[in-house]
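Peer 1: Got a structure for you, written out below as structure tokens; questions coming shortly.
The values are calculated or read from the model by the stated rules, or taken from the named source; none is laboratory data. Quick caveat: nothing in here was measured; it's all calculated off a predicted structure. Glycine also receives a Cβ, built like all others from the backbone with ideal geometry; neighbour counts cover every protein chain displayed.
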């Protein structure tokens with residue numbers, strides 16, 4: 001009887017998760033041209049690693065993931081602490097801060113693309129008027145600023161979600177701990193360091209793993225704003241998988257790249273889980 005109750009969930013997992021993974025690994029061993037598949041073994045993986053710009057794309061992916069996660073967590077934590085300190089109107093401020101997360105990615109990408117426009121963008125206009133820059137900057141068309149520009153857009157959109165998760169974690173911390181710390185003479189910094197951060201560790205672990213994988217695989221804003229250019233300066237691994245499969249129709253290479261991306265995310269999740277649990281163990 002127990003197996004019968006588990007069977008629907010097991011069938012769903014097998015059909016929607018296990019089968020696509022196995023099929024993707026199988027496809028990565030073939031070269032498909034005009035519907036004809038030829039077995040090539042590990043050749044697709046060699047071609048992926050030695051392809052033009054792969055090193056730059058991999059470096060961009062690391063910068064994209066680590067940079068976005070670091071800034072988003074810091075902004076989310078600051079916003080959550082400020083909202084917690086507000087005596088009244090938390091719901092109103094929480095709703096206002098959550099608006100960027102609600103805006104669709106396509107709308108966000110197009111909006112920031114116009115805001116960062118060289119001639120007509122409001123960002124250049126403001127920075128020139130206050131004297132930060134002397135002339136308008138081509139933010140999305142320069143190799144040194146294209147990736148950073150997309151990262152700023154992604155951070156603006158996604159950090160409110162991390163803020164909500166951290167607020168839930170802050171609400172679960174017993175107030176008696178802070179009262180006892182104040183009685184013992186602990187200032188605000190010591191309370192934050194020895195109570196808030198340790199008590200937020202379970203929530204932080206979930207945020208880093210889930211949002212890290214999510215950010216690693218995100219490419220919608222990059223595709224909308226820069227198409228990965230110029231010269232691979234803003235292209236990330238997930239975008240290369242998409243363009244290889246659905247623009248170039250090289251499904252074997254795309255599958256091989258997807259397997260490599262899955263291995264990287266698996267190693268990241270495993271290492272971070274071990275590192276975050278080491279003190280508890």
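Peer 1: Taking the conditions exactly as written (farther than 28 Å from residue 21 by Cβ and surrounded by fewer than 19 Cβ atoms within 10 Å (Cβ to Cβ)), does residue 197 satisfy them or not?
Peer 2: Judged against the criteria, residue 197 is a match.
Peer 1: In the stretch 58-85, how many residues are modelled with pLDDT under 95, buried (at least 20 other Cβ atoms within 10 Å of the Cβ) and over 16 Å from residue 159 (Cβ atoms)?
Peer 2: Going through the stretch 58-85 one residue at a time, the tally reaches 0.
Peer 1: From 253, 200, 267, 231, grab the single residue that is under 17 Å from residue 73 (Cα atoms) and modelled with pLDDT under 95.
Peer 2: Checking each option against the conditions leaves just 200.
Peer 1: A further question follows. Criterion first (farther than 23 Å from residue 84 by Cβ and either part of a helix (DSSP H, G or I) or touching a residue at least 40 places away in the same chain (Cβ under 8 Å) (or both)) does residue 114 satisfy it?
Peer 2: So residue 114 passes the test.
Peer 1: Among the residues of the stretch 141-167, write down those that are surrounded by 23 or more Cβ atoms within 10 Å (Cβ to Cβ) and part of a loop (DSSP other than H, G, I, E, B).
Peer 2: none
Peer 1: Would you check which residues across the stretch 220-232 are surrounded by 22 or more Cβ atoms within 10 Å (Cβ to Cβ) and within 12 Å of residue 57 (Cα to Cα) and list them?
Peer 2: Listed by number, the list holds a single entry, 228.
Peer 1: In addition: Can you list the helices (runs of 4 or more DSSP H) lying wholly within the stretch 174-281 that have 2 or more residues being farther than 30 Å from residue 141 by Cβ and without any contact (Cβ under 8 Å) to a residue 24 or more places away in the chain?
Peer 2: 175-183, 188-191, 251-277
Peer 1: Contact list please: Cβ distance under 6 Å, first residue in the stretch 4-15 and surrounded by 10 or more Cβ atoms within 10 Å (Cβ to Cβ), second residue modelled with pLDDT of 90 or more and not in a helix (DSSP H, G or I), pairs at least six apart or on different chains.
Peer 2: Partner pairs satisfying both residue conditions: none exist.
Peer 1: On to the next question. Considering every residue within the stretch 36-55, establish whether at least one is at positive phi, free of Cβ contacts under 8 Å to residues at least 60 places away in the same chain and over 24 Å from the mean Cα position of the chain (by Cα).
Peer 2: yes
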